[in-house]
Amino acid sequence: MKRTLLTTLIAATATLAAASALAATPAHFAGQALMGHAKISLDQARAIALKARPGRIVDQELEREAGGSGFRYSFDVKAAGKTYEVGVDAVTGAVLENGSESAAAEAAEARTEH
């Protein structure tokens, strides 16, 4: 009986952890049609971006953009009240960009959050 209860508690904890991780992931992901060009998965790219700029990812996309391999995951990361754009090469995993978003981009994001 104790083993069954313990197994149930472990399963419930794992389910809650997975649900929390999904809730923290933006539902929107533009660029899925380009996934065939990526060697780095979205999850790997997210981990790389958050290591480079700890915070909360509020938007994400895969796009063609000059620099690196030409395919880049672009993440908007909210940290300390500011929004940063972190670009991760979709082929190599290299961080290509890690800086503040423009004031116009931040204002547009603030309008969509309210």
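The values are calculated or read from the model by the stated rules, or taken from the named source; none is laboratory data. Being a predicted model, the structure only gives us computed values, none of them experimental. Don't worry about glycine lacking a Cβ; one is built from the backbone with ideal geometry, like all the others, and counts go over all protein chains shown.
Quick rundown of the values:
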read-out: Top-ranked residue in region 59-76 [being among the acidic types (Asp, Glu) and in a strand (DSSP E or B); ranked as nearest to Glu97 (Cα to Cα)]; value: Asp76
read-out: Residues of region 48-57 satisfying the condition of being farther than 15 Å from Val91 by Cα and under 9 Å from the mean Cα position of the chain (by Cα); value: Leu50, Arg56, Ile57
read-out: Number of positions in region 79-92 that are surrounded by fewer than 18 Cβ atoms within 10 Å (Cβ to Cβ) and at pLDDT 95 or above; value: 2
read-out: Subset of region 46-58 (residues that are part of a strand (DSSP E or B) and surrounded by 17 or more Cβ atoms within 10 Å (Cβ to Cβ)); value: Ile57
read-out: Filter result for Glu101 (of a type outside the set (A, V, I, L, M), at pLDDT 95 or above and out of contact with any Lys or Arg (no Cβ under 6 Å at 6 or more places or on another chain)); value: no
